[in-house]
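Structure first, commentary second.
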């Protein structure tokens, strides 16, 4: 009998919307959505766990298909963080309701900011996705993950985890270039992996900084991490509340569509729009991205 855990769901949670987000036909090799459930291989407390998550009633049902759970609290904390279950979204929806232009976002009610709990994966994805389209970025991620990431076979299917920094720091630049990484992206990724593997950089150290501004400054000081990558990493990896990835193509498209803010307008126009959403800027960015699919 597989271990099963229940996590009570908060108000304003839609598992169907969350699955809709996770199942974007973008070739993500780190999870699978099938038959109203999501499967994901994770590393936790030194063990590989294959999870299958569903929402049959007012709780998430987390079944451990493979692996031994050493600390149930750590597992619950991981899933809670991934689906952002501890956040009360009522203030966010109130702000949206006050702007008629944003009312189309309300049909996404219950969608949570699905993050990237692995900090190295989050910052790596920011590097991989720089200045290329999403479909190509996912192909690069799959090549890297399937070649260097840990995996597990279950029911004749192989599931993968993004490779850890201790592995990536040892990859020759030429090997990454063979996966269609540019030389610079390969160098950036390997350099960041070395920082994390040595402990010089960590999720805990970034979280310990006293403000989002200090977090941004620290990340931007790293070779290969610009403002867009730093904001994206904080938004998806740490879920800090006020990150705007300026210049993001999807964000610019959504702002033009819903608010008439053109890309050529200066940054002040974007900041003026987001000012009213202090504490919810990251969530609004996430919803604006998803509005392009709805």
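Quick note: the coordinates plus some simple rules give every number you see, no bench work behind them. Being a predicted model, the structure only gives us computed values, none of them experimental. Neighbour counts are summed over all protein chains in view; Cβ atoms, including those assigned to glycine, are modelled from backbone coordinates with ideal geometry.
Listing for the model above:
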read-out: Relative pair counts by distance (%), Cα atoms of the chain, 10 Å bins; value: 6, 27, 35, 25, 7, 0
read-out: Space enclosed by the convex hull of the alpha-carbon atoms of the stretch 249-291, per residue, Å³; value: 63
read-out: Net lengthening on full extension, residue 63/residue 14 (0.36 nm per residue, minus Cα-Cα); value: 15.7 nm
read-out: Estimated [θ] at 222 nm from DSSP helical runs (n ≥ 4, -39500 (n - 2.57)) normalised by residues in the chain, nearest 500; value: -12500 deg cm²/dmol
read-out: FRET efficiency, residue 157 to residue 194 (Cβ-Cβ, R0 35 Å, nearest 0.05); value: 0.60
read-out: The stretch 217-294 - percent relative contact order, Cα under 8 Å, separation 6 or more; value: 29
read-out: Segment residue 25-residue 85, extension gain: residue separation times 0.36 nm, minus the distance between their alpha carbons; value: 19.2 nm
read-out: Pairwise Cα inverse-distance average, inverted: Kirkwood Rh of the stretch 4-88 (Å); value: 13.3
read-out: Sites residue 217 and residue 187 - FRET efficiency at Förster radius 30 Å, r taken between beta-carbons, to 0.05; value: 0.85
read-out: Contact order normalised by residue count of the chain, Cα under 8 Å, 6+ apart, percent; value: 16
read-out: Gaussian network model of the chain, springs between alpha carbon atoms under 10 Å - residue of 187, 153, 32 with greatest fluctuation; value: 153
read-out: Sorted largest first, extent of the stretch 119-238 alpha carbons per principal axis (Å); value: 47, 30, 26
